[in-house]
1. Along each of the three principal axes of the Cα atoms of the range B:92-184, give the extent in whole Å, ordering the values from largest to smallest.
2. Would you please give the FRET efficiency between B:V392 and A:T293, computed as 1/(1 + (r/R0)^6) with r the Cβ-Cβ distance and R0 = 56 Å, to the nearest 0.05?
3. Given H placed 1.01 Å from N in the peptide plane, which residues other than close sequence neighbours of B:S245 have an amide H under 5 Å from its amide H?
4. Roughly how many nanometres apart are two label points built 7 Å out from the Cα toward the Cβ at B:V306 and A:T15?
5. Which whole-Hz couplings ³J(HN,Hα) result when phi for each residue of the range A:213-226 is put into the Karplus expression 6.51 cos²θ - 1.76 cosθ + 1.60, θ = phi - 60°, listed in order with x for Gly and Pro?
6. Expressed as a whole number of Å, what is the distance separating the alpha-carbon centroids of the range B:317-360 and the range A:347-393?
7. I need the shape label for the range A:215-372. Rule: rounded when a/c is under 1.5, else prolate if a/b > b/c, else oblate, with a, b, c from the alpha carbon gyration tensor.
8. Please state the shape class of the range B:286-398: rounded when a/c is under 1.5, otherwise prolate if a/b exceeds b/c and oblate if not, all from the C-alpha gyration tensor.
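The values are calculated or read from the model by the stated rules, or taken from the named source; none is laboratory data. If you're wondering where the values come from, they're calculated on a predicted model, not measured in any experiment. So basically every Cβ, Gly included, is an ideal-geometry build from the backbone, and we count neighbours across all protein chains shown. Remember, those area values only see protein heavy atoms, side chains included, never the ligands or the DNA or RNA. Shrake-Rupley method; radii C 1.70, N 1.55, O 1.52, S 1.80 Å.
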Protein chains: 2
Amino acid sequence: MRHHRTDAAPGSTSTLRTANQQRVLDVLRSGSAPGPTADLTGGDFTQAELARVTGLAPATVSNIVRELVASGLVETEAGSGRRGSAIRLARAAGIVGGVDFGHSHVAVAIGDLTGRLLAEERQPLEQGHAHIEALRLASSMLDAMTSKFDPAGPIRHIGLGLPAPVTNDVVRSSAIFPGWDGVNTRAAAEEHFGIPVHVENDANLGALAEHRQGVARGHDSSVFVKISSGVGAGIIIHNELFHGSGGTAGEIGHLTLDDAGPLCRCGSRGCLEAYASTGTVLAMMAGQLPDATLDDLLDAARTGNVSAQRALEDAGLHLGKGIASVVNLINPSVVVIGGDMARAGDLLLESARIGLRRHALDSVALTPILASELGERASLVGAVLLAAERTVLVVEHA
Amino acid sequence: MRHHRTDAAPGSTSTLRTANQQRVLDVLRSGSAPGPTADLTGGDFTQAELARVTGLAPATVSNIVRELVASGLVETEAGSGRRGSAIRLARAAGIVGGVDFGHSHVAVAIGDLTGRLLAEERQPLEQGHAHIEALRLASSMLDAMTSKFDPAGPIRHIGLGLPAPVTNDVVRSSAIFPGWDGVNTRAAAEEHFGIPVHVENDANLGALAEHRQGVARGHDSSVFVKISSGVGAGIIIHNELFHGSGGTAGEIGHLTLDDAGPLCRCGSRGCLEAYASTGTVLAMMAGQLPDATLDDLLDAARTGNVSAQRALEDAGLHLGKGIASVVNLINPSVVVIGGDMARAGDLLLESARIGLRRHALDSVALTPILASELGERASLVGAVLLAAERTVLVVEHA
C-alpha cells in the first residue's frame, strides 16, 4: 500500500494538486503501467504515456512534471526521433536497502524507489547463526556497498526478509528459525542500521517481487511458493500482500501430506517441506550422488540419470498435492515456484502440475504453475520493493 | 460491500449530505455498532448512539433522522424512561428474499434490510433434482410467504445459495451438484422470480451470516466450515467475503487428507468430505444404528454409546486436520463450524481442536474453533443478508 500524506482539507485545490502529483509519482515508482507495457521501457515514461496511464490531461501532466523536476524528485532526458523526453524518478529522490536472511546466507542490495536494484551482494552464513551476528554482517555489507556506490545519498528505508513466520516483527517459531526466535527483528535491525526497517517473511517478499516485476504481474491474486532448504508461500490478494490475522498466512511448507510421513523440523510429520525441500531431494540421492549440490543433481537429471529425475518427480508430485490445497482454498489465478528448486524447471513443475490435477477440484485443477522469473533473487528484490513502497515522497514546492 | 450512488461532484455540500445520510443508513442496516454492542438492542438505536457510532455531531444526526423519516426509510418510536426514542429502518424501506438450496432441501425466507428474518420455511427436495424443479418450488414458497405476510411490500432483491463452487453465477462442478451443472443460476432464477438475484456458494453465505450476526462478529478474518451432506467453507477477509480469482475459494471439503482414503464424489480420494460429512458418520454407524438420523446418532453418543462417540471423534480429528491447512495458509482469527454436524457440539469440536493442534504450525495451532450460532439457518440468513446488502437505498427528498 502506498502512503500519501495529505494534510490539506478534503476537496481543496491544494489536495487535488497533491493527489495528482502522487498519482504521477506512483506511476513513475511502479516502473510501468498496470496492463500492457509494450511501449514503456524500463522506468522511463514520456509525457504522453504518463497522461494515458494516469488519465490526467496532458497539460496537467506537463505542469506536474515541471513541479516534480523543480523539487528534485524527477529527472528528464531528451528523447530521440519521434519519442518525447524520457521522464523518470531522479536518483536524488532516494535509495532504499534490502536484506534477505536465509538459513545459510545473507543477501543485501540497494535500489531506487521503483524497486530497481542498483547493487547486490550475497554471502554465506552458518546454519543456526545468532541473529546479532547476521545483522552485523548485513550491516557491514550494506555500509561497504553504499560507500562504494556514488552518488547514492542516504538509504531511506530497509526491507528485511526472514525465512520464518513473523508476527508483529517477531519470529514466531523456535523450531523453524532458532537463532531468531522471539527476537523483535525490527527493533534489533533498526538499532544496527539506524534507519526504519520493515520486516517480512521471505516468501511474502518473493510474492511481492513476482507480482510487481515477475511472472505474476497483472494477476490480481497469486501465490508464490519458495522452495529452498525450507518451503513457504506468500499470497497476493487484490494486488497486495495478504498476511492473515496474526501475520503468518502462507505456511504451505507445513501442510500435512501424510500423517505417517517423515518427521519434520516443525514437530509434525509428513509436511510438504519434508518431501520437497532441496535437502530432502539431495538426501534421497545421497547414495548415488554423495556430497552433490542441487546443481549437480539437476545436471545429472538433465543428462539422463533416471534416479535424479525420479527424485525431482516425487518432490514435484508432493508439491502439486500441497498446491492443490492452496488452489482449493484460495483460488489464485497463478502459482509461481521460486527458491533454489525453481532451477529444476519442468523437471519439477511437470509433475507438480500432475499432482495438482490429481488432488484439486476440477474447477481449479488447471491453475497455471509457473517458474519464478526472478529466481533466488526474488526475496531480495521483494525486500527492496517493500522498502521503496514504504518510502513516502514529499514534494517540496520550489 | 455497500453500494452508494453519489452523482454529485466530489466535495460538494450535497455529496457530503448524501454521504452522511448513507452513514446513518448503513449503521441502521448493520443492526448494531461495530464493536461493543451492550447498549444497543436489536436494530434500534437512539440518536445519541447513532452520533457515537457514526462520529457525526448530534445536531447533524437529528437533521438526518428527520430527513430519513420524511422519506419513509426510517421510523421512530417514543422511548421509555431515560432512553430516547428508538430509531430503526422502516419496514417500508423494503424487504428482501433469501433462498438456500441444498442437496435435499430448499429453504426460503423474507427479511428486512438489516438482514433480520421476518418469515422462513424449509421443504425437502429430492437428491439429484433438476434445477428448474427446485426453482419452481422456491418461487411458489416465496409467493405464498409474501402473500401471507402483510404489509410486506414487494421483494427488492433475492440472495440465493447453492452447495457447489459457483463462478460467474454458474455451478462449476457436475460431480458436486449434478442437476445444476453449467446452469447460469442467476439468469434462470431471475426468470422465475422476476427480480434481481445474487448467487453465492452456501458456505460463503454462512460465513457472511456468522460474521455479521453470529460468533465471528468483530473478527476481521474468519472461516466458516459447513458440514452437512457436503463439506465447504466460506472465507471472510477484511470483513468481506473472499471469492478467489474464479469465485471458488474455500473448497475445504476436497482437501486430500489421505491419497489411499475412500473415493469421494468429486473423483478424488481421501477428501475431508469423505471422512467428516453427515453421510460418512452415519454410514460408519450403520451396523449398530441402522436407519438412524444424525440426531439419533447424536443422542446415542450423548447417552454413552462409545461407538457413536468414536465415529464423531474420528470425524473431528479429520476435520481438525483439514482446518490445520486452512489456518496454516490463511491464518484467520476464528474458525466457525456450521451445517447439520455443528449440532454435535463438543463431541465433534474437541477432537477437531486436537486434530488442529496436531497438524498446524505452533503459531496458529490454538486458533479458536467455535460452533455456529445460527446453526442450519446460517446459509439462509446469509442469503437474506446478501440481498439486503445489495439493495441500494436512495433517499427521496421530501
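1. Principal extents (Cα only, largest first): 42, 25, 17 Å.
2. On the way: r = 62 Å, r/R0 = 1.11.
In this case the efficiency is close to 0.35.
3. The list, which skips near neighbours in sequence, is A:S333.
4. According to this spin-label approximation, the distance is 7.1 nm.
5. For the range A:213-226, the Karplus curve yields 10, x, 6, 8, 4, x, 8, 4, 9, 8, 10, 10, 10, 9 Hz.
6. If you average the Cα positions of each part, the centres end up 28 Å apart.
7. Working: a/c = 1.80, a/b = 1.49, b/c = 1.21.
Taking the square roots of the gyration eigenvalues as a ≥ b ≥ c, the range A:215-372 is prolate.
8. On the way: a/c = 3.69, a/b = 1.51, b/c = 2.44.
Taking the square roots of the gyration eigenvalues as a ≥ b ≥ c, the range B:286-398 is oblate.
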